[in-house]
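For reference, the structure discussed in these notes is given below.
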Amino acid sequence: MKLRDLAVISVLLVFFRWVDVSAQTTPTSCAAKSNTSCEECLSNVTCLWCITNQKCVDYPVQSVLPPASVCGLSDARWGKCWVNFQVLIITLSVVAGAIVIAVLVCCFCCCKCENIGSRKADERLERQADLRRVRQEERRAQMKSRHDEIRKKYGLMKDNPYSRFENN
């Protein structure tokens, strides 16, 4: 190994050891902050303040919401002292429901608008088909009149279409 590589590795080891030592010296127990104030307890993110018994406890990270054995939802505070878990859950569920309803309404409106657009396109295609049909009938009538004129000119026109079956 070069001397430079050894120096870099030793500096990194010292830095990581310093970070580890500083992390070990600063932890404060949440239980030590009991019977103080909500703000002081919640200055540590891992703590949960219970209003009923004025206790600061470690947040139960095993469950998303604190169980009733630790503290009731309406009395538990975490992050901010004014945030009530029960109100937070109700508010978040209402907001999530509103978002779901808004997405469904948007999907319904988009599908409805898309169908309206296709109806307009279908009507346009139908009008074009009708115009083609009318022009084709006009051409067919013109061709029939030309053929009839040619038949008259050469005497092939007969008044009775069944005349060839008659005995002359």
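Values in this text are rule-based calculations from the coordinates and carry no lab data. Nothing here was measured: the structure is a model prediction, and the numbers come from that model. Reconstructed Cβ throughout: ideal geometry from the backbone, glycine too, with neighbour counts over all protein chains shown.
Descriptive notes on the structure:
- Largest-first principal axis extents of the Cα set of region 65-105 (Å): 41, 20, 12
- When peptides 56-63, 88-95 are sorted by average Cβ neighbour count within 10 Å, with the highest value leading, the order is 56-63, 88-95.
- Legend: ranking of residues 81, 111 from fewest to most surrounding C-beta atoms inside 10 Å; resulting order 111, 81.
- The chymotrypsin sites (Phe, Trp or Tyr not before Pro) of region 79-114 that DSSP puts in a loop, and whose beta carbon has at most 10 other beta carbons within 10 Å, are 82.
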